[in-house]
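> Dumping the structure here so I can ask a few things about it.
The values are calculated or read from the model by the stated rules, or taken from the named source; none is laboratory data. Worth saying up front: this structure is predicted, and the values here are computed from it rather than measured. Heads up, the Cβs are rebuilt from the backbone with ideal geometry, glycines too, and the neighbour counts pull from every protein chain shown.
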Amino acid sequence: MMVFFKHPYGFLLFQKYHSIIQLIIQKDLTMKLQYLLFACFLFAGSGCDLFESDGFNVDDKGTLKVVFDNVVGDKDLTLNSGSYVNAAGETFNVTTLKYFISNIKLTTEEGKVVVYPQESSYFLLDESDPTSLTLTLTDVPAGNYKSLTYMIGVDSLRNTMDVSKRTGNLDIAGKAKGMYWSWNSGYIFFKMEGASPQAKPAADGTTNYRYHIGQYGGGFGTPPVKTINNLKNSTLTFGTDMLKVRKNKTPQVEVKMDVLKVFTGQYTMKLAENPVIMVNPLGANVSANYIQAYALVSMKNNVP
Amino acid sequence: MKRVWMLFLIAGCSTVDPKPETPTEYTFKAPEGFPATAYRFENTPITQAGFELGRSLFYDGKLSRDGSISCADCHQQEAAFSHFDHDVSHGIDDRLGTRNAPALFNLAWHSDFFWDGGVHDLDLQPPSAIMNANEMDESLDRILEKLRKDSKYPAMFRAAYGTEEVTTARFLKSLSQFMLLMISSNSKYDRYIRKEAGVTFTADEQEGLRVFNLKCATCHPAPLFTDLSFRNNGLKPTPNPDLGRALITLRDEDRLRFKVPSLRNITESPPYMHDGRFSSLERVLEHYNSGVQATENLDPLLSQNGRRGIVLSDAEKRALIAFMKTLKDDTFLSDKRFSHP
């Protein structure tokens with residue numbers, strides 16, 4: 001916004017511009033156009049170089065990248081071969097780590113919520129497929145955003161939607177294979193599996209652990225019964241440094257998910273006691289933990 | 001055929017049961033007096049081609065890992081699409097499941113499927129049987145691949161949906177189209193209630209209907225003969241009991257509750273209960289009369305006036321069985337639309 005203040009009438013202009021933008025955001029398209037014309041007229045008259053530097057045209061669309069990095073404390077996660085120790089002192093590795101990220105929302109500096117189109121917002125992140133860890137959000141309205149919110153899992157609406165609408169990452173015979181419970185119909189939101197010598201042995205003597213967390217609150221049956229709701233939202237806030245989506249610049253947000261925190265935080269999980277948590281009240285403890293495992297690492301504006 | 005039968009009725013031939021006749025309709029028509037359906041028909045228009053595709057799939061072993069098991073192996077038409085004489089389901093490699101295969105009909109009215117109600121959409125029911133290691137042990141993507149490479153299916157998909165594309169939704173909705181038309185509403189009881197000419201109840205059947213309305217109909221109400229709720233009817237728990245509904249809801253108050261089954265065609269679908277523990281209707285009635293256990297969440301209807309169960313005299317039992325026989329629907333059981341293609 002510095003540009004405003006360098007200009008002789010900078011501050012005034014800033015205020016005008018600011019309120020115009022607010023108005024634009026609030027009004028419908030025709031109104032938008034009127035104000036846009038007005039704004040153009042204003043800036044054209046003042047010879048302001050706003051559009052080339054930090055400003056943006058309200059109808060501009062830009063791209064935003066959100067990169068997820070799964071880590072173990074201060075180390076990067078290495079599937080299979082990496083050996084780690086959880087809060088309960090148990091040694092473990094990770095053979096599978098997959099989760100759904102969905103329902104992405106951005107909040108502008110004025111507090112307006114921009115919802116990323118819901119149908120395109122179901123991402124399935126799989127540690128074994130590095131390309132799946134970068135979410136590329138396209139056609140995002142240009143703007144200054146103070147926070148980004150996403151859901152871990154698949155919302156209840158989508159979880160009960162007609163099968164013809166469950167395409168792409170939600171296709172239970174396609175990408176979502178292994179991320180869907182057929183017997184207790186619903187998507188698995190978060191799946192982490194591996195082995196631990198301390199894990200309580202299964203009937204066949206193996207010491208694997210499996211966390212499959214899902215359940216969206218149900219509401220089924222006669223009379224309807226609400227089940228556990230493990231849907232959780234995570235919000236990344238960018239502080240005074242707004243996330244700036246522009247036509248020609250792709251800001252990049254880096255998020256880490258710390259596997260150690262899946263085992264602790266709100267509840268310390270012990271593989272020696274519960275190596276398998278699926279449709280289980282303990283799933284709520286794991287989801288309470290993992291929602292705190294996501295954290296902002298960095299936000300870079302002005303990436304061309 | 002239809003016209004002939006009409007004439008036959010008009011002629012007033014009173015005592016002979018009309019020979020069941022296969023309807024030729026491929027649209028969904030709710031029988032008169034039935035409640036509102038639960039299925040979202042707006043997303044699945046039923047067509048004859050879609051139905052025939054579903055029928056072919058229902059009878060096809062390709063839906064199992066080694067080609068050996070089809071839906072129809074556990075859901076047999078002559079047993080009202082239950083697994084005749086099998087207490088628990090018997091699937092691939094002779095592996096046994098833990099539950100009795102329920103009869104299939106009037107599914108459009110169900111909003112929750114399985115004994116525990118874990119699935120809430122008929123379209124999403126088949127994946128469970130297909131992916132179950134004790135049933136068909138196959139994955140959906142491999143089935144879709146098999147169908148794409150098959151000599152007959154691509155043409156059937158084109159006939160049903162306009163193109164040969166085999167998608168998850170098309171596959172599942174074809175099975176639904178087939179199952180949705182499986183309507184049972186033409187038993188002797190139905191024809192008696194509709195006051196069709198020449199249909200009369202014997203004294204035993206009438207008495208049975210009276211006792212039924214008094215003692216059974218709260219949980220098994222007409223016309224579906226189930227209220228589709230989840231209840232515990234006091235079966236003796238096995239050493240490692242199936243917790244039923246609680247496996248889905250994780251609530252203690254749902255332990256040992258199971259979906260109330262319909263009693264239509266009940267004479268054709270033994271054995272009975274979620275684990276097929278009773279081989280005859282006589283044993284079921286004896287359970288209600290003297291076998292109801294004071295287990296957790298026992299339905300209050302089965303523990304009234306300080307007595308557990310439902311008192312049934314021998315005469316009442318005989319009458320109830322005579323009545324339940326009137327729920328057999330020969331039109332449905334021999335409907336050629338639903339038989340092996």
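> Determine, yes or no, whether A:A176 is more than 11 Å from chain B (Cβ to nearest Cβ) and of a type in the set (A, V, I, L, M, F, W, C).
Here the answer is no, as A:A176 does not meet what is asked.
> Which one of the conditions (1) within 14 Å of another protein chain (Cβ to nearest Cβ); (2) at pLDDT below 95 does A:E109 fail to meet, given that it meets all the rest?
Failed condition: (1).
> Can you confirm whether the stretch A:129-136 contains a residue that is under 23 Å from A:S287 (Cβ atoms) and either at pLDDT below 95 or in a helix (DSSP H, G or I) (or both)?
Taking every residue of the stretch A:129-136 in turn, at least one turns out to be under 23 Å from A:S287 (Cβ atoms) and either at pLDDT below 95 or in a helix (DSSP H, G or I) (or both).
> Among the numbered criteria (1) assigned to a strand (DSSP E or B); (2) closer than 30 Å to B:P45 by Cα; (3) at pLDDT 90 or above, which single criterion is violated by A:K175?
(1)
> Considering every residue within the stretch B:225-239, establish whether at least one is more than 13 Å from chain A (Cβ to nearest Cβ) and without any contact (Cβ under 8 Å) to a residue 24 or more places away in the chain.
There is at least one residue in the stretch B:225-239 that is more than 13 Å from chain A (Cβ to nearest Cβ) and without any contact (Cβ under 8 Å) to a residue 24 or more places away in the chain.
> Contact list please: Cβ distance under 6 Å, first residue in the stretch A:57-72 and without any contact (Cβ under 8 Å) to a residue 60 or more places away in the chain, second residue part of a strand (DSSP E or B) and of a type in the set (D, E, K, R), pairs at least six apart or on different chains.
Every condition considered, no pair remains.
> While we're here: Can A:F189 be described as touching a Gly at 6+ places or on another chain (Cβ under 9 Å), of a type in the set (F, W, Y), more than 30 Å from A:G239 (Cα to Cα) and in the same structural domain as A:A293 (by TED's automatic domain parsing)?
So A:F189 does not fit the description; no.
> Right, here's the next one. When both residues are 6+ apart or on different chains and their Cβ atoms are under 6 Å apart, which pairs have a first residue that lies in the stretch B:166-190 and is over 16 Å from B:R148 (Cα atoms) and modelled with pLDDT of 95 or more, and a second that is part of a helix (DSSP H, G or I) and among the aliphatic types (A, V, I, L, M)?
Pairs found: B:L175/B:L57; B:S176/B:L122; B:M179/B:L107; B:L180/B:A108.
> Do any helices (runs of 4 or more DSSP H) lying entirely in the stretch B:105-165 carry at least 1 residues that are within 10 Å of chain A (Cβ to nearest Cβ), and which ones are they?
B:126-131, B:140-149
> Restricting to the stretch A:179-190, what's the tally of residues that are aromatic (F, W, Y) and more than 10 Å from chain B (Cβ to nearest Cβ)?
Total meeting the criteria: 3.
For (1) farther than 20 Å from A:I277 by Cα; (2) touching a Lys or Arg at 6+ places or on another chain (Cβ under 6 Å); (3) surrounded by fewer than 17 Cβ atoms within 10 Å (Cβ to Cβ), each residue gets a yes or a no:
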position: A:Y116; (1), (2), (3): yes, no, no
position: A:L133; (1), (2), (3): yes, no, no
position: A:M161; (1), (2), (3): yes, no, yes
position: A:N169; (1), (2), (3): yes, yes, no
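> If you don't mind, there's one more thing I want to ask. Inside the stretch B:134-165, can you point out the residues that are in contact (Cβ under 8 Å) with a residue 12 or more places away in the chain and at positive phi?
Within the stretch B:134-165, just B:D137 meets the criteria.
> If you scan the stretch B:240-276, which residues turn out to be assigned to a loop (DSSP other than H, G, I, E, B), within 12 Å of chain A (Cβ to nearest Cβ) and modelled with pLDDT of 95 or more? Break it down into steps so the answer makes sense when it comes.
Narrowing the stretch B:240-276 to residues assigned to a loop (DSSP other than H, G, I, E, B): B:240-243, B:245, B:250-251, B:255-256, B:260-265, B:269-271, B:273-276.
Filter once more, so that each one left must be within 12 Å of chain A (Cβ to nearest Cβ): B:243, B:245, B:250-251, B:260.
Scanning the stretch B:240-276 gives a single hit, B:V260.
> Could you grab me the full set of residues in the stretch B:191-217 that are touching a helix residue (DSSP H, G or I) at 6+ places or on another chain (Cβ under 6 Å) and touching a residue at least 60 places away in the same chain (Cβ under 8 Å)?
The answer is B:A197, B:F201, B:D204, B:E205, B:E207, B:G208, B:L209, B:V211, B:F212.
> With the requirement that a residue be touching a Ser or Thr at 6+ places or on another chain (Cβ under 8 Å), within 18 Å of A:M179 (Cβ to Cβ) and of a type outside the set (G, A, S), what does the stretch A:102-132 give you?
A:N103, A:Y122, A:F123, A:L124, A:L125, A:D126, A:E127
> I've got another one for you. Assess whether A:N280 counts as being surrounded by 15 or more Cβ atoms within 10 Å (Cβ to Cβ) and either more than 14 Å from chain B (Cβ to nearest Cβ) or in a loop (DSSP other than H, G, I, E, B) (or both).
Taking the combined requirement at face value, the residue satisfies it.
Listed here are the residues, each with its yes/no results for (1) of a type outside the set (K, R); (2) in a helix (DSSP H, G or I); (3) at pLDDT 50 or above.
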| residue | (1), (2), (3) |
| --- | --- |
| B:R3 | no, yes, no |
| B:L9 | yes, yes, no |
| B:T15 | yes, no, no |
| B:K19 | no, no, yes |
| B:T24 | yes, no, yes |
| B:T27 | yes, no, yes |
| B:E32 | yes, no, yes |
| B:T37 | yes, no, yes |
| B:P45 | yes, no, yes |
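> Now for a different question. Which of the following residues is more than 13 Å from chain B (Cβ to nearest Cβ) and either touching a Gly at 6+ places or on another chain (Cβ under 9 Å) or β-branched (V, I, T) (or both): A:T167, A:T206, A:T222, A:T160?
Criteria check complete, one pass: A:T206.
> When you scan the stretch B:277-324, how many residues do you find that are touching an Asp or Glu at 6+ places or on another chain (Cβ under 8 Å) and assigned to a helix (DSSP H, G or I)?
The number of residues fulfilling the criteria is 8.
> Out of (1) without any contact (Cβ under 8 Å) to a residue 12 or more places away in the chain; (2) on the phi > 0 side of the Ramachandran plot, what's the single condition that is false for B:F114?
It is condition (1) that B:F114 fails.
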